[in-house]
Amino acid sequence: MKIQNEYGEIEITVNAIRKLVYLGVIETYGPISIGTDNWFSRWFSSEEGKIKVEEDDFGHITIDIFVEVEYGTKVTEVAKNIEENVQHKLKSYANCENADINVHIIGVR
């Protein structure tokens, strides 16, 4: 993702955006762990690597977050809070306003 300002150009990598998304998720009440839909990734990647961030040619970002939530919490509220918190982090730290955030609840513990 590239941002142009009066001083020059700023490039924000996909890994930096993934880190901001990870911080937004762990600061939200409800998720117990960040998981994945792929069994191979469950064994061989970090929690941060289980967040999918994709950028197309036009700079549009799509984020897929796979989480397990705490038993007794309202799943829809947790997903909405994660989405809002991640959106806020991306707007305030990366000036990213054109991101699609998809929260996938993969389990309840």
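The values are calculated or read from the model by the stated rules, or taken from the named source; none is laboratory data. In this text, all values refer to a predicted model and were calculated from it rather than measured experimentally. Quick reminder, even Gly has a Cβ in these numbers, built from the backbone with ideal geometry, and neighbours come from all protein chains shown.
On the basis of being among the polar types (S, T, N, Q) and modelled with pLDDT under 95, does ASN95 make the cut? Walk me through it before giving the result.
On the way: among the polar types (S, T, N, Q): yes; modelled with pLDDT under 95: yes.
Yes.
Could you please find all residues in region 34-56 being under 17 Å from ALA79 (Cα atoms) and either modelled with pLDDT of 85 or more or buried (at least 16 other Cβ atoms within 10 Å of the Cβ) (or both)? Spell out the reasoning first.
Filtering region 34-56 down to residues under 17 Å from ALA79 (Cα atoms) leaves 34-37, 50-52.
Correct list: ILE34, GLY35, THR36, LYS50, ILE51, LYS52.
Please state which of the following conditions GLU9 fails to meet, knowing it meets all the rest: (1) at pLDDT 90 or above; (2) crowded, with 16+ Cβ neighbours inside 10 Å.
Exception for GLU9: condition (2).
Return only the number of the condition from (1) exposed (fewer than 14 other Cβ atoms within 10 Å of the Cβ); (2) at pLDDT 90 or above; (3) in contact with a helix residue (DSSP H, G or I) (Cβ under 8 Å, 6 or more places away or on another chain) that LYS74 does not satisfy.
All conditions pass for LYS74, except number (3).
Go through region 54-108 and report how many residues are among the small types (Gly, Ala, Ser) and part of a loop (DSSP other than H, G, I, E, B).
If we filter region 54-108 for residues that are among the small types (Gly, Ala, Ser), which is where we start, we get 59, 72, 79, 92, 94, 99, 107.
Restricting the remaining residues to those that are part of a loop (DSSP other than H, G, I, E, B) gives 59, 72.
Within region 54-108, residues that are among the small types (Gly, Ala, Ser) and part of a loop (DSSP other than H, G, I, E, B) number 2.
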